[in-house]
Every structure is written in structure tokens, then in C-alpha cells.
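Student: What follows is a structure written as C-alpha cells; I'll ask about it next.
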Amino acid sequence: MSRTIRVGLIQMNSEPEKEKNVEKAVGLIGEAAGDGAKIICLQELFFSPYFCVQQRIEFFSLAETIPGPTTDRLADAAKRYGVTIIAPIFEEDTAVPGTYYNTAAIISHRGELIGKYRKTHIPQLIGYNEKFYFKVGNLGYPVFQDQGVKFGVIICYDRHFPEGPRIMALKGAEVVFVPTCTGFYPELWELELAAHAAFNTIYVCGVNRCGREFPEQPATYYGKSCIFNPKGERLAIAPSEEHVLVQELDLDFVQERRKYAPFLRDRAPHLYVELSQQT
């Protein structure tokens with residue numbers, strides 16, 4: 001009997017009011033759970049519009065601690081539905097006052113906070129003023145385990161860099177989730193996710209925001225959340241509007257693929273020292 005897991009990706013257009021977005025997300029989590037999803041990933045900064053379009057001091061009021069009101073609300077939903085939830089929010093650090101991160105909180109199917117990932121690569125582009133708000137993540141690339149699955153998370157701009165998914169695959173991750181808010185690089189969206197999946201022989205699940213939230217944002221967030229298998233083949237893709245994407249993954253295929261494509265085995269890390277020397 002093969003090991004399988006159903007995953008759910010929640011693709012939303014966020015409203016100005018945080019509580020409405022959280023309530024909507026909880027409803028969509030219930031919808032995904034009703035379709036059998038056991039691990040459910042929300043989009044980047046799901047509980048608000050993508051405020052990084054602008055540089056405004058008042059948006060710092062959106063930040064929360066982890067745990068905090070939103071993760072507590074999602075913990076109740078996780079426990080009620082028996083699902084693991086990946087919840088990317090604007091985090092206020094309690095250890096260092098005045099420090100903020102773009103963070104994904106990981107909540108177990110028992111409603112327990114089991115860890116978090118802080119976004120590593122922080123862009124400063126037209127319409128993506130993230131360096132104004134977020135510090136570079138300091139937690140590395142952790143791998144989490146729940147529902148019998150080992151998985152990791154990278155956030156949006158992180159997907160343009162191959163190191164994170166490779167490190168998580170080497171740590172045993174079978175699935176990597178990529179919560180995102182993007183209207184840029186549509187030519188790279190599927191290409192990069194497929195490449196991460198193929199090079200690391202893992203499943204990769206990208207969940208994107210959709211719609212327009214500010215008149216001045218440079219591009220419409222195009223949705224198209226999608227899932228790729230360890231061969232780099234696309235298993236499922238969402239449309240451009242709000243959507244709940246649920247897909248079953250055959251976890252045994254990760255090891256089967258590695259017998260045929262032993263890319264992790266055949267690395268030559270002693271020759272890669274130059275990577276760490278280039279700054």
C-alpha cells in the first residue's frame with residue numbers, strides 16, 4: 001500500500017480588513033478539508049492585501065506575534081478539521097523589538113504550533129518594497145513533520161534561488177510548499193517550480209495570490225497555483241481567480257524516482273566551496 005497525502009492550496013484575493021481575510025481563509029480551509037486535504041497552504045501574507053506595494057508606516061500595525069490572534073484562530077481550525085496549516089503572515093519578533101519578518105507559521109493537525117520559516121530573500125522591486133518592512137530570515141531552511149510527511153517551505157522570491165529547496169531535500173523533505181504573491185515573471189512561475197521538483201526529486205506546490213488590490217500595483221497577481229511531481233511534471237494548476245486546489249501526492253514516488261534519477265546521491269559538495277566564498 002503506497003503512502004499518499006492530499007494537499008490543498010488556497011488561492012485568494014485579499015480584502016482590506018484582516019478579520020474578513022482570516023474568516024475567508026478558515027472557510028476555504030474547511031472546503032479543502034472536505035475534499036480530503038490533510039496539509040493546507042495559504043498564500044504569502046494571506047491575511048491582508050499585499051501592502052508592500054507601498055511604503056507606509058501604518059502598515060506595521062498589521063504585524064502579529066507568533067503565536068498570536070491569527071495563528072490561534074487557525075490552530076482552532078486545524079484541530080477541528082484535523083489538518084496541517086501553513087500560514088504565511090507578517091510577524092513581529094518578540095525577541096528583538098522593532099524587528100519584523102515575512103513568516104510562515106506551521107500548525108499541526110492537533111492545533112499545535114510546530115515551527116516557522118522566515119523568508120530568506122527579501123526583494124526591493126517596483127511594487128515589492130519588502131526591505132522597508134522585513135528583515136532577512138534567520139531560521140535557515142527547517143524541515144517539518146506532520147501527518148507522516150516531511151515538508152519544507154520557501155516564500156515567493158525565495159523560489160528564484162536553488163539553495164533552499166536543495167537543503168530541505170537533503171534534510172529529508174518530500175514536499176516543498178511555495179506560498180507566493182506575484183504578478184511578475186509569469187514566464188518563470190511554472191519553470192522554476194518544475195525545476196526545483198526535478199532537480200531535488202520532490203513534490204513542489206506553489207500557491208499564488210490573485211487579482212488586483214491597489215490601483216498602483218504594477219501587475220495583476222495571476223494566481224495559477226500549481227503542483228509538480230519529482231519528475232518535474234505538472235499534476236494540477238488553478239485558474240487565475242480564487243480557487244481551492246486539492247491534489248493527491250504519492251509519497252513513495254519520491255524514493256522510486258531517486259532510484260532512476262540519483263541527483264542527490266551524485267552531488268560533489270567538495271567542489272562547491274566556491275559558492276560560499278562568493279559574496
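Student: Could you give the length gained on full extension between Q277 and K131, defined as 0.36 nm per residue of separation minus the Cα-Cα distance, in nm? Can you show the working numbers first?
Tutor: Values: separation 146, 0.36 × 146 = 52.56 nm, distance 2.45 nm.
Result for the pair: 50.1 nm of gain on full extension.
Student: On to the next question. Given R₀ = 22 Å, what would the calculated FRET efficiency be for E241 paired with Q54, taking r from the Cβ atoms and rounding to 0.05? Kindly include the intermediate steps, with their values, before the conclusion.
Tutor: Working: r = 24 Å, r/R0 = 1.11.
Plugging the Cβ-Cβ distance into 1/(1 + (r/R0)^6) gives 0.35.
Student: May I ask you to compute the full-extension gain from T4 to R80, defined as 0.36 nm times their residue separation minus their alpha-carbon distance, rounded to one decimal in nm?
Tutor: Values: separation 76, 0.36 × 76 = 27.36 nm, distance 2.16 nm.
Separation in residues times 0.36 nm, less the Cα-Cα distance, equals 25.2 nm.
Student: Now a separate question. Can you tell me what share of the DSSP beta bridges in the chain is antiparallel? A percent to the nearest 5 is fine. Provide the component values of the computation, followed by the final result.
Tutor: Numbers: 34 of 51 bridges.
The antiparallel proportion sits near 65 percent.
Student: Over 28 Å between Cα atoms: which of K38/K231; K20/K119; K150/K259; K171/K231; K38/K135 fall into that group? It would help to have the intermediate numbers written out before the result.
Tutor: Numbers: K38/K231 23 Å; K20/K119 25 Å; K150/K259 19 Å; K171/K231 19 Å; K38/K135 31 Å.
Violating the 28 Å Cα-Cα cut-off are K38/K135.
Student: Taking amide hydrogens as modeled 1.01 Å from N in the peptide plane, which residues meet the under 5 Å criterion relative to A236, leaving out close sequence neighbours?
Tutor: Answer set, sorted by chain and number: I227.
Student: Continuing with this model, one more query. With a cut-off of 8 Å between alpha carbons and a minimum separation of six or more residues, what is the relative contact order of the chain in percent? Write out the running numbers ahead of the final one.
Tutor: Numbers: 642 pairs, mean separation 55.4, N = 279.
With pairs under 8 Å counted, the relative contact order is 20 percent.
Student: Placing +1 at every Lys and Arg Cβ and -1 at every Asp and Glu Cβ, with all other atoms neutral, what dipole size does the chain have around its Cα centre, in debye to the nearest 20?
Tutor: On the way: 30 positive and 34 negative charges, 154 e Å.
Roughly 740 debye for the chain.
Student: For K119, K224, K171, K259, which order do you get if you count the other beta carbons within 10 Å of each Cβ and list the fewest first? Walk me through the numbers on the way to the answer.
Tutor: Working: K119 27, K224 20, K171 13, K259 9.
By the 10 Å Cβ count, ascending: K259, K171, K224, K119.
Student: How much of the DSSP bridge set in the range 156-261 is antiparallel, in percent, rounded to the nearest 5? Present the calculation step by step, with values, prior to reporting the outcome.
Tutor: Details: 8 of 14 bridges.
The antiparallel fraction comes to roughly 55 percent.
Student: Can you tell me the FRET efficiency between E256 and L191 if r is taken as the Cβ-Cβ distance and R0 is 25 Å, rounded to the nearest 0.05?
Tutor: Values: r = 24 Å, r/R0 = 0.97.
The pair E256/L191 has a calculated efficiency of 0.55.
Student: Which whole-number percent gives the relative contact order of the range 154-231, counting Cα pairs below 8 Å spaced six or more residues apart?
Tutor: On the way: 133 pairs, mean separation 24.1, N = 78.
It comes to 31 percent, rounded to a whole number.
Student: Then there is this: Name the residue farthest towards the positive end of the dipole of the chain from the options F47, V175, S61, assuming +1 on Cβ of Lys and Arg, -1 on Cβ of Asp and Glu, about the Cα centre.
Tutor: Checked the options; the winner is V175.
Student: Something else: Rg/Rh for the chain: what does it come to with C-alpha atoms and Rh from Kirkwood?
Tutor: 0.95
Readers should treat all values here as calculations from the given coordinates under stated rules, not as data from a laboratory. Predicted model only: the values in this text are computed from it and were never measured. Cβ coordinates were reconstructed from backbone atoms using ideal geometry, including for glycine residues, and neighbour counts include every protein chain displayed.
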